Amino acid sequence: MGGLDGAEVERVLDAAGVRNPHVREYVAHWAGITEPDRVEVVDAADDARLVAEALDAGELLPAGEGRYYSRSYRKDTARSEERTVVATGDPADRGVYNNWHDAEEMTAAQVERMRGQSRGKTMYVVPYLMAPPGSPLEAWAAGVELTDNRPVVLHMIRMARVGVAHLEQLADPTTFVRAVHVTGDLENLGQGTDDDQRWFVTVADRRTILHFGSSYGGNALLGKIAHGLRQACYDGRASGRFLAEQFMLLGITDKQTGRTYHVCGGFPSASGKTNLAMTLAPDALGERYHVSFYGDDIAWLWVDDDGRVRGMNPEFGVFGVAKDTNELTNPGALRSIGPGSGAIFTNVAYHPQTQEVWWEGRTPEPPADVTGWEDWTGTPIADREEGDTSPWAHPNSRFTTTLANVPNIADDHDDPAGVPIDAIIFGGRTRDREPLVRAVDDLAEGVYDGLTLGAEATFAADGLDGQLRYDPMSMRPFLAYGEGDYAAHWLRIIGAATHQPVFAHVNWFQRDLTEGGGGRFLWPGYRENLRALLWLAAYQRGEASGRRTPVGVVPTADELDLTGLDLPQADLDRLLGIDVERWRQEMGFRQEHLEQFDRLPQPIWEAHRRVAAALEAER
Ligand code: GTP
Ligand code: SPV
Ligand code: MN
């Protein structure tokens, strides 16, 4: 053990009040492997001191009153799906998308990779809880992240409930996720080459996460994606108790009736979950409706004793995409990262003298006076070569802020009982074919719709024009076991509910593909998206009947509240239309997509055939 002996580890754990013997043993075990110089146990209350240390060390830079800026190594700016693995002891867990490997082999390889890699560094022990305390799912929510990276600790404090107490109160002291993060020598890991040294492994049947070689969000904040999604996806099925999904969760309160309608749902990464959940009602409708935020990236769903589907957000903060966030698109997000928020900006553009930050879409044009501005790599904008049009901020630059800063945070967002779920929606970036919203009443058809979610390949990308990159339920990068078994688990969990939520597919991204249309978005999007959800609520209450189509029920033009919107009739027709020929083409692609999955339940195939037959009948 580098500069640290076992007695010193014991002393630190004693001083921090870590009595859970299983936590102590785990910390000592990994300190022996990664060989840090120091061990420190973290509590959320340590934030101010850790921030001060990080500023001193230059790991963070000041970004205006109580806000911070961090730059990552330039090859370490996003999740790496090719290097991400789910490992178990059972080859039957292999799916199409989970990149399954053997648990024994991956664990041994990661131990060797991590050996001695924290020398000279501090190992931070970060006990956390991915649930409101007292949640019926608390048994699956506790974890201890070990990380040798201080900025990662600061992000964890914002994104998860951090403190020793969470690990001392467990009903079963052994059931916490062991989440080990070792940064590695980022400049020498061969990112993206044949000699890539990084591996991000969730050993799901051992509830152990071993991530090596990155300090970026989803790769390093292990409570979030690795535990909150991959591990929980596995645990939800192993226990038979719950679903863990890459879903946002919001409530729409009708101030006239006092009723709140709860909607959760999945859109693939960078497709609008944060924006939808943080949405404030558009001005024209704000008198009547209030939208409240529960979560923007993860929801765990279960069925309560009364047969209601309930949902909660296991996270404590938001890790949002910066690009295009501005006063018009998302005023709520801007307020959540305002002065004194403690927000951390990663990989946006920065002005060291004024401590300002900027990203593409923050204002229509970049700051006119470029003097002093640096792009996300630290290169002064003034030194850029003539004709360099690369973005100032990295396209995946992000902000990190706690839920408490979100202006429309729901009063009951941390209620351990969660909230009743009325609707489950799916949406991707689809330039044609998918209408603004279509409701699906049947459970199997709803699950089928989620399994066939995707985003269209762009004109530039390889592959068939109009073919989707499928992303089942928006969980493609986070699935922990095979897709057929996943579908069966969905049918079992939601099928046990006595009050069935309605399903719906939404699409904010239809484009004008006519000559001269320039590919503009047909729908204004952002805050106006509320209108589609209001229709869904009315439909579910029987106050709107819509128009039945082979792929679900779409609103009639007069059922959609368009007050204050200036939408040409031709656009509206397109937004609410069903292009049967395009849909028939899509059914062929879906067939191939679904055929890849082992053990896909019969009810899903039947749903597929029903939709296909209904489309044939339209001819
Ligand atoms: P992850 O955090 O990666 O899971 O992403 P997310 O699904 O939360 O995506 P987010 O809400 O951060 O949005 C990603 C991008 O989509 C941003 O650049 C938004 O500006 C853009 N976007 C979101 N909603 C809309 C919309 O309704 N219309 C249009 N045109 N763009 C949108
Ligand atoms: C996503 O990529 O879907 C995210 C951000 O929510 S990350 O934390 O990188 O996974
Ligand atoms: Mn996400």
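The values are calculated or read from the model by the stated rules, or taken from the named source; none is laboratory data. Computed from a predicted structure; not experimentally measured. Neighbour counts run over all protein chains shown; Cβ positions are idealised from the backbone, glycine included. Only protein heavy atoms, including side chains, enter the accessible area calculation; ligands, DNA and RNA are left aside. Shrake-Rupley method; radii C 1.70, N 1.55, O 1.52, S 1.80 Å.
Quick look at the values:
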| item | result |
| --- | --- |
| Sulfur and carbon atoms: percent of accessible area, segment 416-548 [1.4 Å] | 51 |
| Cut-off under 5 Å, modelled amide H: who pairs with Leu146 long-range | Val126, Ala179, Val180, His181 |
| Rounded, prolate or oblate (a/c below 1.5 giving rounded, otherwise prolate when a/b exceeds b/c) for segment 465-544 by Cα gyration tensor | oblate |
| Anisotropy class of segment 391-435 from Cα gyration tensor, a/c 1.5 cut | oblate |
| Loop-located GluC sites (Glu not before Pro) in segment 47-152 whose Cβ has at most 16 other Cβ within 10 Å (DSSP) | Glu65, Glu81, Glu82 |
| Three-way shape call for segment 333-487 based on the alpha-carbon gyration tensor, with the a/c threshold at 1.5 | oblate |
| Vicinal HN-Hα couplings computed from phi for segment 543-549 (Karplus, 6.51 cos²θ - 1.76 cosθ + 1.60; Hz; Gly/Pro x) | 8, 9, 10, x, 10, 6, 10 |
| Rounded Å value of the spacing that divides the Cα centres of segment 492-566 and segment 362-379 | 38 |
| Reachable aspartates and glutamates from Lys255, criterion Cα separation under 19 angstrom, eight or more residues apart if same chain | Asp283, Glu287, Asp411, Asp412, Asp422, Glu528, Glu543, Asp561 |
| Equivalent ellipsoid semi-axes, segment 272-378, via Cα gyration tensor eigenvalues times 5, rooted, Å | 34, 17, 10 |
| Relative packing of 97-103, 177-183, 221-227, which averages over residues the other C-beta atoms within 10 Å, highest first | 221-227, 177-183, 97-103 |
| Contour minus Cα-Cα distance for Gln602 and Ala165 (0.36 nm per residue) | 152.7 nm |
| Per residue accessible area of the chain, 1.4 Å probe, in Å² | 38 |
| Percent of beta bridges antiparallel (DSSP, the chain, rounded to nearest 5) | 65 |
| Relative contact order (%) - criterion: Cα under 8 Å, at least six apart; region: segment 482-561 | 17 |
| Candidates per GluC sites (Glu not before Pro) in segment 262-329, loop by DSSP, up to 11 other Cβ within 10 Å | Glu287, Glu327 |
| Cβ-based net charge around Met473, under 12 Å, with every Lys or Arg adding one and every Asp or Glu removing one | -3 |
| FRET efficiency, Glu187 to Asp579 (Cβ-Cβ, R0 45 Å, nearest 0.05) | 0.35 |
| Solvent-accessible area, 1.4 Å probe, carbon plus sulfur percent, for segment 260-322 | 43 |
| 23 Å Cα-Cα reach of Lys273 towards lysines, excluding residues that sit fewer than 8 places from it in its own chain | Lys224, Lys323 |
| Span from the segment 54-78 Cα centroid across to the segment 261-276 one, whole angstrom | 28 |
| 222 nm mean residue ellipticity, helices alone, for the chain (DSSP H n ≥ 4; -39,500 (n - 2.57); rounded to 500) | -7500 deg cm²/dmol |
